[in-house]
Amino acid sequence: MKLATLKSGGRDGTLVVVSKDLSRSVVVPQIAGTMQDALDDWEDISPQLQEIAERLEAGTVEGETTFDPAIAASPLPRAYHWVDGSAYVNHVELVRKARGAEMPDSFWHEPLVYQGGSDDFLGPRDDILVPSEEFGIDMEAETAIITDDVPMSCTSENAGQHIKLMMIVNDVSLRNLIPAELAKGFGFYQSKPSTAFSPVAVTPDELGDAFADGVFNLPLVTTLNGEIFGMPECGVDMTFNFNQLIAHITKTRRIGAGTIVGSGTISNYDRSRGSSCIAEKRMLETIESGKPSTPFMSFGDTVRIEMLDTDGNSIFGAIEQQVAKSQEHDC
C-alpha cells in the first residue's frame, strides 16, 4: 500500500491512497483525514486503507484523480518525533579520517542518533531555501521508517513489528555551520534545516524481499544537476539496522505513533558506488589529494533522489529539489 499527503486541507494536509505505479490517487476522508490520524489508529484503519488500495488497482474505486507529486507535502508534513541516525559507520569513519581524528570503538557498538526539527518538513518538490551559499549546502540521501506506538525498552527482536511505513529522505545539511555547533558539545541546530521526504510512504510489503531484518536491500540513486552522484546499496555496510535503531532510541523512553527514524547517509566501502552527500565525496578527495575539489551546492542546483525496484519502477517516487535563496526577512 502506498500513501501520500496532498498540500490541500490545512496544515497537516489531506491523506490519499496512491496506486502502485504512482499515477493515480483517491482521498479517503471517510477513513482518515490525515496521515497522523491513520497512524494513531493503525491497527483498525490500515485494513480499510488496504481495501481502498486494492480497489484503486482494480479500477473500481470512485473519485480517483491523477497523482501529482508537485502538490504533495511530505507524507507527514510535521511529526511529533524525528530522530536521525548514522547507521553507516563507514561514513562517520571517513569524516573523522579526513580531519585526522581517531574513531572511538564505541561507534561500532552503539548507534549515533540526534533528534531533528520535525515541525516543518519539505514536500518532495519544494525548494531547499537557504539564506546564504556560504553555509555549505549539502544533500544527504537516506532511508527512513515510520513507527506506531513503541514501548520503552523495546528489543531489536520485537522492533520490526512496529515499522508501519517507509520513505526516502533528503536530510539537508549546512556543512560550514556544523563544526562550530558541534564544538559547543550540544549537537546540531542551525546546521540542520528542514528535511524533505518522498512523495509517498509505503508499507513494508511493497518492497517484498527487498526489505528484511530492518534493512532496505536496494540502491538509493542520487543525481546532482542531472549527473549521477551516487547509487550505494542500502543493504550493504549498514552497521545498525532499523530494528537496532528503534531498540536504541527506546532504551529510556516510549516513542509515539508517527515517529520517523532515519538511517543517516547511505555509504558503501565500495567507492565505485559513489556517494550520497557532497561532504563524503570531499572527504575522499581530501584523503586522496590533501584537499577537496567538489564544491557544495549553489543556488539553482538541483538534486534528485530515488529508489527503483528490480524492474526499474520507482517505489517511493522521486525527491526533486532546487536550491534557492531564502527571502524570509519578516521577523
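As a test of reading the structure, rank F186, F240 by solvent-accessible area (1.4 Å probe, protein chains only), most first. Don't jump to the answer; show the numbers that get you there.
On the way: F186 190, F240 10 Å².
Ranked list, largest accessible area first: F186, F240.
With one equal scatterer per alpha carbon and no solvent term, the Debye-computed log10 I(q)/I(0) for region 97-223 at 0.15, 0.20 1/Å reads -0.96, -1.37.
Computed extension length for T66-Q322: 89.8 nm, one decimal, from 0.36 nm per residue of separation with the Cα-Cα distance subtracted. Shown are W42, W82, whose ranking by accessible area with a 1.4 Å probe and every protein chain present, most to least, is W42, W82. For the chain, the share of DSSP beta bridges that are antiparallel, to the nearest 5, is 90%.
Using the 2.2 N^0.38 Å rule of thumb for compact globular proteins, work out how region 1-72 stacks up: its C-alpha Rg over that value, please. Present the calculation step by step, with values, prior to reporting the outcome.
Numbers: Rg = 11.2 Å, N = 72, 2.2 N^0.38 = 11.2 Å.
That works out to 1.00 for region 1-72.
When T195, T239 are compared by accessible area of protein heavy atoms, the largest-first order is T239, T195, using a 1.4 Å probe.
Its relative contact order, with pairs defined as Cα atoms under 8 Å and 6+ residues apart, puts region 52-128 at 45 percent. What residues of region 163-188 lie in the reach of a label at T286, counting those whose backbone N is under 17 Å from a point 7 Å from the Cα along Cα→Cβ? Only 173-184 pass the distance filter.
The eigenvalues of the Cα gyration tensor, multiplied by 5 and square-rooted, give region 247-331 an equivalent ellipsoid with semi-axes of 27, 23, 19 Å from largest to smallest. Taking the three principal axes of the alpha carbon atoms in region 181-326, the coordinate ranges are 45, 41, 34 Å, sorted in descending order.
Bridging of K291 to aspartates and glutamates at a Cα separation below 15 Å is possible for E280, once same-chain residues fewer than 8 apart are set aside.
Find the percent of Cα-Cα distances in the chain that exceed 27 Å, and round it to a whole number. Walk me through the numbers on the way to the answer.
Details: 22771 of 54615 pairs.
Across the chain, Cα pairs with separations above 27 Å total 42 percent.
When the solvent-accessible area of the chain is split by element, carbon and sulfur atoms take up 48 percent of it, the probe being 1.4 Å. For the chain, the solvent-accessible area works out to 45 Å² per residue, with a probe of 1.4 Å and every protein chain left in place. Between region 37-60 and region 144-215, the C-alpha centres lie 24 angstrom from each other. Exceeding 27 Å between C-alpha atoms, which entries from my cross-link table qualify? They are K164/K251; K97/K192; K20/K164; K192/K325. Flagged as over cut-off: nothing, all pairs pass.
Ligands, DNA and RNA excluded, the heavy atoms of R96 present near 50 Å² of accessible surface to a 1.4 Å solvent probe.
Here the spin labels are modelled as points 7 Å beyond Cα on the Cα-Cβ line, and at L112 and D270 they lie 2.4 nm apart. Note on region 1-124: along the principal axes its Cα atoms extend 61, 30, 28 Å, ordered by decreasing extent.
The values are calculated or read from the model by the stated rules, or taken from the named source; none is laboratory data. Computed from a predicted model, the values in this text were never measured in an experiment. Note that we place each Cβ from the backbone using ideal geometry, even for glycine, and neighbour counts take in every protein chain shown. Side chains included, ligands, DNA and RNA excluded: accessible areas come from the protein's heavy atoms. Shrake-Rupley method; radii C 1.70, N 1.55, O 1.52, S 1.80 Å.
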